[in-house]
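Here's the structure we're looking at; comments come further down.
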Amino acid sequence: MREALMEYVDELTPAEAPPFEYVERTARQRRHRRRVVLAAVAAVVVVIGGVAATVGLPRAGEEPAGPEKTTNSLDDGPPPSQFKVGTTVMVLQGEVGVMSATPVPDHPSVLMVSVGPGMGNPQPCVPSTVVRILSQDHTSVRIAAYRYTAVADQPETRHCRPSLGAIAVDLDLRSPLGDRTVYAGSSGQRAVLN
């Protein structure tokens, strides 16, 4: 059996080794192919990572998204019919319901007002919700929330981004809330905080 194996190996083994230049060229081609494949795999990984970052996939240690929070500088009196965010013109759509109002800890004159999504606008722009102080005295505060949308066909929309779900707006009453009752809506007596 051993002799048959030796004979078989001798038949398959060439009498002379190929010239070194062929061996060297083959080795270089293999290394080059390996580098090309590794570069292609690295490029695919970078593209997938970029897409994941752009789409906004959750990252490790990131908190789940809560209500979107906006700061409100337009908060006294009736709502304006329009205002600008940068160069984006926002136009009043109408009043929306206030879900709740809660005092902000350590800030006795600030309310956090939660307003739900609404009015059938598929992608409102932020800030699309404005909460206003309609009136206040020593016994009560009346607030109302209004939804705005961006004027169509504006050349610049970088100040607009989609807003999903409930929105929380901090509202500065300019004096401590104390034991005053907070009413929601431009009319009616629905108390959201008392």
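The values are calculated or read from the model by the stated rules, or taken from the named source; none is laboratory data. Note that the structure is predicted; figures quoted are calculated from it, not measured. When we count neighbours, we look across all protein chains shown, and the Cβ atoms used for this are built from the backbone with ideal geometry, even at glycine. The accessibility values were calculated without ligands, DNA or RNA, using every heavy atom of the protein model including side chains. Shrake-Rupley method; radii C 1.70, N 1.55, O 1.52, S 1.80 Å.
Against the numbered list (1) closer than 22 Å to GLN82 by Cβ; (2) open to solvent by less than 50 Å² (accessible area, probe 1.4 Å); (3) modelled with pLDDT of 70 or more, SER186 comes up short only at (2). So which residues in region 165-178 are within 16 Å of ASP106 (Cα to Cα) and part of a loop (DSSP other than H, G, I, E, B)? Result: LEU173, ARG174, SER175, PRO176, LEU177, GLY178.
Which of the following residues is open to solvent by 60 Å² or more (accessible area, probe 1.4 Å) and either modelled with pLDDT of 75 or more or within 26 Å of the chain's Cα centre (by Cα) (or both): PRO14, PRO78, PRO18? The conditions single out PRO78.
Table: residues versus (1) at pLDDT 60 or above; (2) closer than 15 Å to TYR183 by Cβ; (3) not in a strand (DSSP E or B).
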residue	(1), (2), (3)
THR70	no, no, no
GLY118	no, no, yes
GLN123	no, no, yes
VAL141	yes, yes, no
ALA145	yes, yes, no
THR149	yes, no, no
ALA152	yes, no, yes
THR157	no, no, yes
SER163	no, no, yes
